[in-house]
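Only one structure is covered here, and it is reproduced in the block below.
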Amino acid sequence: MIGKLYLIPTTLGDTEPLEVMPLSVKNVIDQLDYFIVENEKSARRFIKKITPEKKQSSLHIMSLDKYAEEIETLTYLDVCQKGISVGLLSEAGVPAIADPGASMVKLAHQKNIQVVPLVGPSSILMAMMGSGMNGQNFAFNGYLPIDKGARKNAIKDLEKLSKDKNQSQIFIETPYRNEKMFTELKDTLAPITHLCIAADITLPSEYIKTMMVKDWKRQKPDLHKKPAIFIIQK
């Protein structure tokens, strides 16, 4: 019997895990001792929160951060050949979506290890759900360029693409640069282009709003250091 790779969602902020995900996630974590994580400290905190009865000393944590050596990460799923299942945890939200865990999922397929995605909060999909934009045709573009000129061109390109393909364009920004991004979007996009801002999803301070850019010019939402998703469609 070969072990499985479980893709385990985590909360998007400081919320109770079972308020935003099904009991099945807790049940799977109860059964696992091996975990691949981006940040050991936050992963242990999440595991303790959702399964307080689980002994931390029993956990085998394998790191998948930017310092992890590729030659080492290629061995992370070797225990599956012994019938031991492994959990892959995202730092926030679901694994492998805007997350380095995708490399582990790819490796699992190469090794014929069953991949089992579990239900949990995805800020990208939840923002799209709440935007009122085209949910039949959308694209996630990750982070836009940091250079101001290149970022402005990227915004214009996404706006044109959204019009040409009738496609909602989704992207994210580092939380401390959110307000700067908001200003640049107002200055760059056409007045009639629709812009959705979704911040602090699933938290008590959740904010999701879609308006034309001309209407956003009179608004100043508090986005400083808040995880946010931006969606545009012309």
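Between Ile2 and Thr202, the distance separating the two model label sites (each 7 Å from Cα on the Cα→Cβ line) works out to 3.0 nm.
Which angle from 0 to 90°, rounded to the nearest 10, does the C-alpha axis of helix 178-188 make with the longest principal axis of the chain? Value to nearest ten degrees: 40. Taking 0.36 nm per residue of separation and subtracting the Cα-Cα distance, full extension of the segment from His60 to Thr183 would add 39.8 nm.
Taking a probe of 1.4 angstrom, what is the accessible area of Asp14 in Å², to the nearest 10? Asp14 has an accessible surface of roughly 140 Å² with all protein chains in place. Can you return the aspartates and glutamates within cross-link range of Lys48? Criterion is Cα-Cα under 16 Å, with same-chain partners fewer than 8 residues away left out. Of all the aspartates and glutamates, those that pass the test against Lys48 - Cα under 16 Å, at least 8 places apart if same chain - are Asp14, Glu16, Glu19, Asp30, Asp33, Glu40, Glu91.
The heavy atoms of Glu72 offer some 90 square angstrom of accessible surface to a 1.4 angstrom probe.
The relative contact order of the chain, computed from alpha carbon pairs under 8 Å that lie at least 6 residues apart in sequence, is 23 percent. Taking R0 as 25 Å, what FRET efficiency do you get between Gln31 and His224 from their Cβ-Cβ distance, rounded to the nearest 0.05? After rounding to 0.05, the efficiency reads 0.05. In the stretch 19-132, taking the dipole from charged Cβ atoms about the Cα centre, the farthest positive-side position among Gln114, Ile71, Ile29 is held by Ile29. Helices in the chain, meaning DSSP H runs of at least 4 residues, each add -39500 (n - 2.57). Divided by all residues, the mean residue ellipticity at 222 nm is -9500 deg cm²/dmol. Once the mean of 1/r is taken over each pair of separate Cα atoms and inverted, the stretch 91-234 shows a Kirkwood hydrodynamic radius of 16.1 Å. For the chain, the residue among Pro175, Gly101, Val20 whose Cα projects farthest onto the positive side of the dipole built from Cβ charges is Pro175. Secondary structure note: in the chain, about 45% of the DSSP beta bridges are antiparallel.
Quick one: length gained pulling Ala139 to Leu18 fully straight, 0.36 nm per residue minus the C-alpha distance?
40.6 nm
Given +1 on the Cβ of Lys and Arg, -1 on the Cβ of Asp and Glu, and no further charges, what dipole in debye does the chain carry about its Cα centre, rounded to the nearest 20? Dipole of the chain, to the nearest 20 debye: 660 debye. Across the options Pro227, Met129, Ala190, the greatest Cα extent toward the positive end of the charge dipole of the stretch 121-234 (unit charges at beta carbon of Lys, Arg, Asp, Glu) belongs to Ala190.
Its residues counted as N, the stretch 1-118 yields a C-alpha radius of gyration over 2.2 N^0.38 Å of 0.98. For His194, the accessible surface of its heavy atoms amounts to roughly 70 Å² (probe 1.4 Å, protein chains only, rounded to the nearest 10).
Sequence-distant contacts, meaning Cα pairs under 8 Å at least 6 residues apart, place the relative contact order of the stretch 1-100 at 51 percent.
Of Lys54/Lys106; Lys66/Lys214; Lys82/Lys226; Lys54/Lys111, which sit over 32 Å apart, Cα to Cα? Correct reply: Lys66/Lys214; Lys82/Lys226.
The values are calculated or read from the model by the stated rules, or taken from the named source; none is laboratory data. Every value quoted in this text rests on a predicted model; they were computed, and no experiment measured them. Cβ coordinates were reconstructed from backbone atoms using ideal geometry, including for glycine residues, and neighbour counts include every protein chain displayed. The area values use the complete protein model at the heavy-atom level, side chains included, leaving out ligands, DNA and RNA. Shrake-Rupley method; radii C 1.70, N 1.55, O 1.52, S 1.80 Å.
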